[in-house]
Amino acid sequence: DLATALNDRGQVRYLRVEFAAAVRDFTAAIECQPAFEVPYYNRGLVRYRLGDFDEAMKDFRKVLELNPQFEDAALSLKQAILDKEEKQKRGY
């Protein structure tokens, strides 16, 4: 379906380090199918890599709301929280 295709294209763009395009694809996939947790997770990963921990945490929390058993999202959320705290301690 379209949401899966957009998510897959976002993955390719992520691997090519085309982060802005990947985020657009993941967001489009979410708009097509709001209950599809995978593009939220993938968008969260991109946002995490970009250092946008607040938005990454929102995406990871949404994944866990949709699928509480998504272990990678739970681990990614914990890591984003820790990294945000570390960033704040260092003052940047």
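The values are calculated or read from the model by the stated rules, or taken from the named source; none is laboratory data. Small disclaimer: the values here were computed from a predicted structure and weren't measured. Every residue, glycine among them, receives a Cβ derived from its backbone with ideal geometry; neighbour counts consider all protein chains shown. Protein only, heavy atoms only, side chains kept; ligands, DNA and RNA dropped before computing areas. Shrake-Rupley method; radii C 1.70, N 1.55, O 1.52, S 1.80 Å.
So is residue 14 closer than 24 Å to residue 71 by Cβ, open to solvent by 30 Å² or more (accessible area, probe 1.4 Å), modelled with pLDDT of 95 or more and among the aromatic types (Phe, Trp, Tyr) or not? Here the answer is yes, as residue 14 does meet what is asked. In the set (1) at pLDDT below 95; (2) in contact with a Gly (Cβ under 7 Å, 6 or more places away or on another chain), residue 59 fails one condition alone, (1). Out of 82, 6, 75, one residue alone is buried (at least 16 other Cβ atoms within 10 Å of the Cβ) and either modelled with pLDDT of 95 or more or in a helix (DSSP H, G or I) (or both). It is 6. Would you confirm, using the coordinates I've provided, whether residue 38 is within 14 Å of residue 66 (Cβ to Cβ) and either modelled with pLDDT of 95 or more or not polar (S, T, N, Q) (or both)? So residue 38 fits the description; yes.
Taking segment 17-48 as the search range and keeping residues that are open to solvent by 50 Å² or more (accessible area, probe 1.4 Å) and either of a type outside the set (D, E, K, R) or not in a helix (DSSP H, G or I) (or both), which one is farthest from residue 79 (Cα to Cα)? Per the stated criteria, the residue is 32. Scanning for something on the phi < 0 side of the Ramachandran plot and either aromatic (Phe, Trp, Tyr) or in contact with a His (Cβ under 9 Å, 6 or more places away or on another chain) (or both), does segment 75-89 turn up at least one residue? So far as segment 75-89 goes, no, none of its residues is on the phi < 0 side of the Ramachandran plot and either aromatic (Phe, Trp, Tyr) or in contact with a His (Cβ under 9 Å, 6 or more places away or on another chain) (or both). Among the residues of segment 49-60, the ones that are touching a Lys or Arg at 6+ places or on another chain (Cβ under 6 Å) and surrounded by fewer than 19 Cβ atoms within 10 Å (Cβ to Cβ) come to 1 in all. Residue 17 satisfies every condition listed in (1) under 12 Å from the mean Cα position of the chain (by Cα); (2) on the phi > 0 side of the Ramachandran plot except (1).
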